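The values are calculated or read from the model by the stated rules, or taken from the named source; none is laboratory data. Source: prediction; values computed, not measured. Please note: Cβ atoms are built from the backbone with ideal geometry, for glycine as well, and neighbour counts cover all protein chains shown. Heavy atoms of the whole protein, side chains included, go into the accessibility calculation; ligands, DNA and RNA do not. Shrake-Rupley method; radii C 1.70, N 1.55, O 1.52, S 1.80 Å.
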Amino acid sequence: MRNTVDVLGVPVDNVTMQGALEKLKTFLSENKNRAVYTPNAEIMMAAQRDPSLKHVLKNADLLVADGAGVVLASKVLKPKLPERVAGFDLVKNSFSIFASQKVKYYLFGGKPGIAEEAAANIMKDYPGIEIVGVRDGYFSKDQENKIIHDINASGADILLVALGAPKQEKWIHEHKDLLKVKVCIGVGGSLDVFAGRVKRAPRFFQKNGLEWLYRLIKEPWRFKRMLDLPRFILLAYAVKLKGNR
Ligand code: UDP
């Protein structure tokens, strides 16, 4: 049974990083394909406008709060989520834990060459992790059958899908039943970071819930999209004040 917190209509799992990793372990021991998403405030806000995205998030098997904004909104609406579980850290920690168990990963997404670079770095840093396939994230609809066939033929246990949000969440949702993996995780720009092409925010920004500020400085063209973070928090306050919660 999932223990979730309702954050503006989306059930987010009431888990710590440790708890999320335990869930992944359980998923690996079972014979189903599980969808794991790691929404930040931008995606949670996008889901308020896009019912199909909300439906996808509601049908996840594990949904963790990637951004400090999601944890803050839960604090306003109550009960508060225990901590932020960043998607990048979840994947990185899974490499540490699963290396000894020879878990097989498939990396799908990013510009051509990125998944290969990420795979080389991951296998160097986490000996024991097997990357059994890679594929870039730029494709047409008629290539999808071949992509799914390659993923299934690879024997991967975990599929990391890095198509950016909300494309990756919708893609996983749509193809989940055809994919013979045990876990699909939407990982956003994580492969760019594993490939060493993009740097994560320094610890100070991460610890103080300011990763969004670092991102804004580095990628100012995201400004408009990032306005969804304050919008999301304001909406949480508005819902609370209206007495709905
Ligand atoms: N991407 C992709 N296919 C697409 C669009 C995007 O593979 O059709 C990749 C892109 O190369 C990048 C990632 O998806 O590696 C998106 O990263 P971004 O940081 O924009 O995603 P977010 O973390 O905001 O979801």
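Comparison of LYS32, LYS23, LYS58 shows that the only residue that is out of contact with any Leu (no Cβ under 6 Å at 6 or more places or on another chain) and either aromatic (Phe, Trp, Tyr) or free of Cβ contacts under 8 Å to residues at least 60 places away in the same chain (or both) is LYS58. The residue list GLY164, GLY188 contains one member that is within 11 Å of the ligand (Cβ to nearest atom) and under 25 Å from ASP142 (Cβ atoms), which is GLY164. ALA201 meets the conditions (1) under 29 Å from LYS78 (Cβ atoms); (2) part of a helix (DSSP H, G or I) in every case but one. The failed one is (2). Among the residues of segment 176-198, the ones that are out of contact with any strand residue (DSSP E or B) (no Cβ under 6 Å at 6 or more places or on another chain), in a loop (DSSP other than H, G, I, E, B) and either of a type outside the set (A, V, I, L, M, F, W, C) or at pLDDT 95 or above (or both) come to 8 in all. Considering only residues in segment 221-245 that are open to solvent by 100 Å² or more (accessible area, probe 1.4 Å) and under 16 Å from ASP6 (Cα atoms), the one that is modelled with the highest pLDDT turns out to be TYR237.
Hey, among SER100, SER94, SER140, which residue is in contact with a Gly (Cβ under 8 Å, 6 or more places away or on another chain) and over 17 Å from VAL198 (Cβ atoms)? Even if it seems obvious, please write down each step before you answer.
Numbers: SER94 fails: in contact with a Gly (Cβ under 8 Å, 6 or more places away or on another chain); SER140 fails: in contact with a Gly (Cβ under 8 Å, 6 or more places away or on another chain).
Result: SER100 is the single residue among SER100, SER94, SER140 that is in contact with a Gly (Cβ under 8 Å, 6 or more places away or on another chain) and over 17 Å from VAL198 (Cβ atoms).
Close Cβ contacts (under 9 Å, 6 or more residues apart or on different chains) running from residues in segment 100-115 that are without any contact (Cβ under 8 Å) to a residue 40 or more places away in the chain and more than 9 Å from the ligand (Cβ to nearest atom) to residues that are open to solvent by 10 Å² or more (accessible area, probe 1.4 Å) and part of a strand (DSSP E or B) comprise LYS102/GLU130. Whenever a residue of segment 133-161 is more than 12 Å from the ligand (Cβ to nearest atom) and acidic (Asp, Glu), its partners that are open to solvent by less than 40 Å² (accessible area, probe 1.4 Å) and not in a helix (DSSP H, G or I), lying with C-beta atoms within less than 9 angstrom and at least six residues away or across chains, give the pairs ASP150/TYR106; ASP150/GLY133; ASP157/VAL103; ASP157/TYR105; ASP157/TYR106; ASP157/VAL181; ASP157/VAL183. For segment 188-201, the candidate set comprises residues that are in contact (Cβ under 8 Å) with a residue 24 or more places away in the chain and closer than 19 Å to PRO39 by Cα; within that set, the residue that is surrounded by the most Cβ atoms within 10 Å (Cβ to Cβ) is LEU191.
Listed by position, the strands (runs of 3 or more DSSP E) inside segment 1-97 whose residues that are more than 27 Å from ARG200 (Cα to Cα) and open to solvent by 40 Å² or more (accessible area, probe 1.4 Å) number at least 2 are 4-7.
Would you be able to tell me the number of residues in segment 167-187 that are farther than 17 Å from VAL103 by Cβ and open to solvent by 20 Å² or more (accessible area, probe 1.4 Å)? Please lay out each step first, then the result.
Residues of segment 167-187 farther than 17 Å from VAL103 by Cβ: 167-178, 186.
Filter once more, keeping what is open to solvent by 20 Å² or more (accessible area, probe 1.4 Å): 167, 170, 173-174, 176-178.
Residues meeting the conditions: 7.
Scanning segment 68-86 for residues that are touching a Ser or Thr at 6+ places or on another chain (Cβ under 9 Å) and over 13 Å from ASN14 (Cα atoms) yields one hit, ALA86.
Among the residues of segment 116-135, write down those that are outside any helix (DSSP H, G or I), out of contact with any strand residue (DSSP E or B) (no Cβ under 9 Å at 6 or more places or on another chain) and open to solvent by less than 50 Å² (accessible area, probe 1.4 Å).
The answer is TYR126, GLY128.
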